[in-house]
Amino acid sequence: QVQLVESGGGLVHPGESLRLSCAASGIEFSIYPVRWYRQAPGNQREWVASMTSMGGTIYTESVKGRFTISRDNTKNTVDLQMNSLKLEDTAVYYCFVKTFGDDYWGQGTQVTVSS
């Protein structure tokens, strides 16, 4: 059974940092690209960042230079380091893995940026 479990969310002030982590189990994690998405209240879920199995990265424009995605294939984890957080980064953050046959989502972790 495939499971993705996010952690690390919380309440921070603008300009502060958080590090999210997603732990995968039941999947050959290292061979698949991984993504982070987020969903703010009233909004559609939006893609945030991706990392290929070979380590290539790409980010949505609004987080470039502030967020960094990384993975540890020995631990089956993917992290999202979020710096210089803004009010508009408030959302539930989800990790996502697309295999050759199925899509898998974590349960999400809440990030709230508030002054």
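The values are calculated or read from the model by the stated rules, or taken from the named source; none is laboratory data. Values in this document were obtained by computation on a predicted structure and should not be read as measured data. For neighbour counting, all protein chains shown are included, and Cβ atoms are generated from backbone atoms with ideal geometry for every residue, glycine included. Calculation scope for accessible area: heavy atoms of the full protein, side chains included, ligands and nucleic acids excluded. Shrake-Rupley method; radii C 1.70, N 1.55, O 1.52, S 1.80 Å.
Quick look at the values:
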item: Conditions (1) open to solvent by 60 Å² or more (accessible area, probe 1.4 Å); (2) farther than 19 Å from Gln3 by Cα; (3) over 11 Å from the mean Cα position of the chain (by Cα); (4) not polar (S, T, N, Q); number of the one not met by Leu85; result: (1)
item: Residues that are open to solvent by 20 Å² or more (accessible area, probe 1.4 Å) and over 13 Å from Cys22 (Cβ atoms), drawn from the range 100-115; result: Phe100, Gly101, Asp102, Asp103, Gln110, Thr112, Ser114, Ser115
item: Among (1) in contact (Cβ under 8 Å) with a residue 60 or more places away in the chain; (2) surrounded by fewer than 16 Cβ atoms within 10 Å (Cβ to Cβ); (3) over 25 Å from Ser115 (Cβ atoms) - the single one Cys22 does not satisfy; result: (2)
